[in-house]
Every structure is written in C-alpha cells, then in structure tokens.
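Presented below is the structure to which this report refers.
The values are calculated or read from the model by the stated rules, or taken from the named source; none is laboratory data. What you are looking at is a predicted structure, and each value in this text was computed from that prediction instead of being measured. Cβ sites come from the backbone with ideal geometry, for glycine too, and all protein chains shown count toward neighbours. Heads up: the accessible areas ignore ligands, DNA and RNA and are worked out on the full protein's heavy atoms, side chains in. Shrake-Rupley method; radii C 1.70, N 1.55, O 1.52, S 1.80 Å.
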Amino acid sequence: MAHSIYITSAEGHSGKSTVALGVLDTLSHETPRVGVFRPVARTGAEGDYVLDMLLAHDAVSQSAADAVGVTYDEVHTDPDAALARIVQRFKRVEAESDAVVILGSDYTDVGSPTELGYNARIAANLGAPVVLVLGGRVGQGMGEQLGGSEPRGADDMRQITELALAELQSEHAQLLAVVANRADPESLDEIVAAIRSVLPGGSGAHGENSSGASGAPSANDSASTIPVWAIPEDLFLIAPSMQSILESVDGTLMSGDPSLLSREALGVVVAAMSMENVLPRLTDGAVVVIPGDRSEVLLAVLLAQASGTFPSVAGIVLNGGFELADSITTLLDGLTPAVPIIRTELGSYDTAVRITQTRGRLAADSQRKYDTALALFENSVDAEQLLELLHVSRTNVVTPLMFEYTLLERARQNRRHIVLPEGSDDRVLRAAHTLLARDVAELTILGEEIEVRSRALDLGLDLSKAQILSPFDDVLRLRFAEEYARLRAHKGVTVELARDTITDVSYFGTMMVHLGLADGMVSGAAHTTAHTIRPGFEIIKTKPDVGVVSSVFLMALADRVLVYGDCAVIPDPTAEQLADIAISSAATAEQFGIEPRVAMLSYSTGESGQGADVEKVRAATAFVRERRPELLVEGPIQYDAAADQAVAAAKMPGSKVAGQATVFIFPDLNTGNNTYKAVQRSAGAVAIGPVLQGLNKPINDLSRGALVQDIVNTVAITAIQAATA
C-alpha cells in the first residue's frame, strides 16, 4: 500500500503549493513511484496550475485526468456522492504508486471553516495523515510587497491553529505535522512555540526534530509529539510574472523579448512625472507604468536599462491606449529592446491597481520560483523526520532522479568552489542560479561583470552569491601569465605570449584551479572538448599513477546506475591505456557510491574468440589484475554476458562480474560512443557526463547541446570529485 500524505490549509493563499512541491520532491528521492492526487480540482479556462506543476515533476508519470477526484460543482451538488467518487479515484492512484501526495482544495468558492472540514473528512476517508499549512500573512498579490499587509504574530498563529485543530478533530483526521508558511522571518521561534503550545503533545521550539511517534499521530492523541516547522516569507515567491501582469491589464506585447515575460516583477513604479524624477525611483525588478503619451520617459527608462548604471526593470506598461508616434516606433525598432513593453487601454490608476492585485504563482515555468521554493522547504523542514513519520524507507532501486538528487546532496554536504568560464551562455547562468539557490557549490563565473549581471537580471536570475570575474583582470592576468610561462618554458612560452593565451576563458579557469582559487572547472557548453581539456593537459596534468586522461558517462537507467568508459576522449587505446581507463573508471564509480565490478568488453567472452582486438582486451585485463589485484574485473567479455545474469550463467558461470557488472570498459571510442548513445536514446537512460578522470584536479567537459540540468549535474559531479580527491 502506498504511503499517502494530505496537504491542506486553514484558509486560502497560504502557499501550500510550496509545501506540496517540497514533500513531492522529498519523496521522489527515496522511492521511484510517486503519485499526485487532487481530490477537488478547479475547472474552467484558468485550469489548475498547481496540479500542473506537480504533474510536471520528473518523478510523476500521471495524466491530469488520472490525478483528479471531482470538481467543486460536484461537491456542491452532492457532497457524499463526491466523497465516494474521490475515494474510488484515489484508490486507482494509490495502487500504482509507492507514495501519494494529496493536495487539498484552494478556497476558491467555499467559506474557510466548511472547506477545511470537508478536506479533513476526505483525509480521514482516504486514511491519509494531514500536514496542516498555516499562512503567516494576511492578504494576497503584489500589494503585500508594497505594504498592503502585515505579518501575523505568534498569538494570531496560535488562534488559527486552535480553530483548524478543532475542524480536523471533528472529522477524525490524523494530524501528521504543522507548517507555518510565509512566516515572519524575525519571529520563527515564537511562532513555532505558540503553535506547539496548543497541539497535542505539548510545546517545543523551531527546528525541533523529536517525533516520539511510531506512526502518524492522531489530532486527538495527547501522547504524541507533532512536529512544527516554519518556512519564512520570501517576497519573490508571491511576485507576479510579467505574463500575469500582461493578462491582468488586458495588454498586448508591443515590443521586447517574449521569453522575458516569465520574469517576476518585484515592485511598481508609476512614472507619471518627468524623466529626471523617474530615473532615481527605478528599482531592480520593478514594472514601470508610463502614460503612452510620455515617450521621452519611455526612452529614458530604456536608455537607463541599456546603460547598466541603473537598476534593471522587469518590464514597462504603456497605459492610456495612446499610439506612439511613427518616429518613436522607428526608434524602438532600431533599439530592439529586450525588456517587455506592454500596451494597455487602461488609465494610470486602473493599471496600477490591477498590477498590485495580480497574484504571483508557483508554477513549473518559473525555474527561479521553483528553485526558491525547494530551497526554502529543504532549509526549513526536517525531511528525515517527515519520511520517518510516513514510514518511507529508501528502496534498492536507483532511478535517474534519485541519483541526480544524491549528486546534489553530496555536493551540498561538502561545498566546493567551481569556476564556470562561459558566462555569456544563458544556460550556464540559469544553471548557476539553480546551483546557488540550492546551495550546491560556490561559483565563479567568467565574464565582464556588468554584462553578466545585466543578462542575469534580464532573465530573472539571482546570481548575487556568485563571483563574476573578468579574464582580463590585470592582477590575475599577470599572475597567471607568469605561472603559465614557468610551466611551459620548455615549449618556448614567454610571459608576453602567455599574457595573450591566458585571457582565453578555458586557460583562465584552468589556471584558477591550478593555483587553488577554485576547486574545479566545468566548461564546454559553448566550446569544443579539445578547447576545454587542452589547458588541463598542459597545466593540471595527470595523477602520478595514471598514464592517460580518459572519461566515463554515468548511465542512469530506470533502476540502477552504470559506468561507461571511455566514450569521449581516447580514440583507440592500447592495452596499457585500456587498463588505465578501467582502473580510473573503477575509482570514479567508487566516488559516486557504485560498487565497481569491471567488465572489459569485447566481441567474445572468455577464451571463445581470437584476434588482435580480443588480445588487446585480454592483455588489458591482465594489466588491471596485476596493478589492482583487489579489483573485481572480467575480460574479455561480451556486453550481454556482463549485463544479463541468464546469459552470464551460460557463458561464464561462477564469475563475480558476469551478469552483474557495474563498470563497462569499451575497447575503443567508436564502440563506446555509439553504445552510450544507443542506450541513452533506446532505453531512455540519462547519460551524465562525460566525466573526465585522471587529472590532478577536476576539469569537466559539457556537450555543446547541454541542457541546464546537465550543467547542474556536472557541477555537482565536479564538486564531489574535488571533495573526494
């Protein structure tokens, strides 16, 4: 039976979607089949964006139709019949899942006490313990950021808890935990203590990890200790996107980059004044409302945006329905501003009111909000205690998502400093934002600071914690040139020549690693493999006991992770080089928690085949056994005999590697590269890499088609390599 958890709130706009996303993500790290269920869902053109966000999670493979119980209309028509249908539909999801996240209704058209009571009734009938989410602020929308509401104090939170607890008790729902969401950051301890004071089990303090319960505690079980967690308010999560603002003002996109409509607006500047008075009032992330007949103000704001000397605004709204003069339109066409410019027929007052009433949403299409929400949950909620209360234990199966999480978690535990040379690539900036938001590594990004930070702001990314460093920095350029000239003096390199070479971002980043200014480097999104790794050969050099630099791919299959090498660097290795690759690959496997059982692949198994290629693999296997006698290795062996136990029993019975290999060493680059791509595309495996091995310090290459998540994973891998070297 699936382990289920019911997330509901005492009122609307509590931000329970943040909690639901955090719980879903936590469960996905421990079990491969996580389901989502929405007992009562919204209908209509707007749709259910929260459900869509949860279903978009990589761990979930349901359709929206399968995840929904009933509509609000069905509840109003016949609550009892609706409840029966909810139970029936939930059982289908439960039967196909190891754990189910159930998200309560959204208080869109029912009074709070009635709706909480009905949610409690559903939870009791589904047998799912409740996580109660309490909102730490009153009000909604962007107006909160502009002083439209006050945070709730500890006493207010205590009273809300008492009322909600009575509703849960009356319907016999089990209370698993309480989350005070969007809580005042200055009063977290007081809020948690106040909530705990009225819960069964007594009082406690913020962050307390004791549970004392063998199962999900009942809301009326006074012997249990119910954990209380507080998630602090983050104004960014409630900030509306420019797309939402466009829809709120019934506007049209007149100019600008449509992709930047996803950027969040963090404030409003009503620019109904002269441009010299508008410019000092600009703030980072603001949406600027300009009367359509004040073209000089529009141009001033665009020039301020382009200059880099003023705060970067999220967008511009031209109100009043005025048509711009042809000369101004021609000028805009020439400037091609990236910042979205929206035109609306509304007046200044109505435009400002609609913008301040626009509600921010946590949705799948906002990576920054997604990362922020997960980081807040991870930092505020004790995931181990939550899993213990739900009796969820880790499975032996390792899915790609679970492995990726393990990478991030290990990197987070041993944070290292990684340099990213390609600061002009948007994918790198997006990955850097995610890495910083999730606290995975310290980062240095190479590029001109004004350009990099301006582009990040345009994309709605927060890189405030990253160091931005120019490869033309005078002090470092001289220091690096002198060191490079020293290292390459035998090749005739002088300091003058080195000063030009070292400004290449790959050389500059590699020199940072060499001199200890960074622990590792990740590059290649915009450069060739040779361009990325050549400086490593010249500067970092190989480990004393390694003859060649090689690579592996970490192949995350549906239920396990394998290591493939070499698939990217050495075209036709000799027997000695093949042994080097095998030994390095086994060490890499151990770095990532994979027990190495090495298969030296060939077109024949054991003594069944002859030929130069087979003899090379046979010799390489002998070299491995001689150099690393403790290592489990078999070769030559065919892929099927290495991977399939039934085939292994027939072709190589009694082998400790055959049928259960974890490290696959290919005889040449042609075989390795084609095989990893075939498995990646045909078996749906996630190929993480190439991971370079053999260098004294970690340098890793990216594919030029790398996705943002590929870059995130590679940085985590590099950080782990640096920590375990």
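Going residue by residue through the range 675-691, is there one that turns out to be at negative phi, among the hydrophobic types (A, V, I, L, M, F, W, C) and buried (at least 24 other Cβ atoms within 10 Å of the Cβ)? Yes, the range 675-691 has at least one match. Residues in the range 622-678 that are assigned to a helix (DSSP H, G or I), of a type in the set (A, V, I, L, M) and closer than 19 Å to residue 574 by Cα: 622, 624, 669. Selection of the range 567-626 for residues being charged (D, E, K, R) and either at pLDDT below 90 or surrounded by fewer than 24 Cβ atoms within 10 Å (Cβ to Cβ) (or both) yields 572, 576, 590, 595, 597, 607, 613, 615, 616, 618, 625, 626. The set of residues in the range 696-712 that are charged (D, E, K, R), open to solvent by less than 10 Å² (accessible area, probe 1.4 Å) and part of a helix (DSSP H, G or I) is empty.
The number of residues in the range 513-526 being part of a loop (DSSP other than H, G, I, E, B) and touching a Pro at 6+ places or on another chain (Cβ under 8 Å) comes to 1.
Of 533, 570, 539, all but one fail to be aliphatic (A, V, I, L, M) and in a loop (DSSP other than H, G, I, E, B); the exception is 570. Residue 715 satisfies every condition listed in (1) assigned to a helix (DSSP H, G or I); (2) at pLDDT below 95; (3) in contact with a strand residue (DSSP E or B) (Cβ under 6 Å, 6 or more places away or on another chain) except (2). Look at residue 661 and say whether it is without any contact (Cβ under 8 Å) to a residue 24 or more places away in the chain, within 21 Å of residue 559 (Cβ to Cβ) and either surrounded by 18 or more Cβ atoms within 10 Å (Cβ to Cβ) or not polar (S, T, N, Q) (or both). No; evaluated as a whole, the condition is false for this residue.
Every residue, every condition in (1) of a type in the set (Val, Ile, Thr); (2) modelled with pLDDT of 85 or more, yes or no:
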| position | (1), (2) |
| --- | --- |
| 26 | yes, yes |
| 46 | no, no |
| 53 | no, yes |
| 66 | no, yes |
| 75 | yes, yes |
| 89 | no, yes |
| 122 | yes, yes |
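Mind checking whether some residue in the range 462-472 is in contact with a Lys or Arg (Cβ under 6 Å, 6 or more places away or on another chain) and of a type outside the set (D, E, K, R)? No, the range 462-472 contains no residue that is in contact with a Lys or Arg (Cβ under 6 Å, 6 or more places away or on another chain) and of a type outside the set (D, E, K, R). Only one entry of 494, 503 meets the criterion of being at pLDDT 90 or above, farther than 30 Å from residue 256 by Cα and open to solvent by 40 Å² or more (accessible area, probe 1.4 Å), and that entry is 494. Summed over the range 220-259, the residues that are open to solvent by less than 10 Å² (accessible area, probe 1.4 Å) and part of a helix (DSSP H, G or I) give a count of 2. Among the residues here, residue 542 does not qualify as open to solvent by less than 10 Å² (accessible area, probe 1.4 Å) and at pLDDT below 90.
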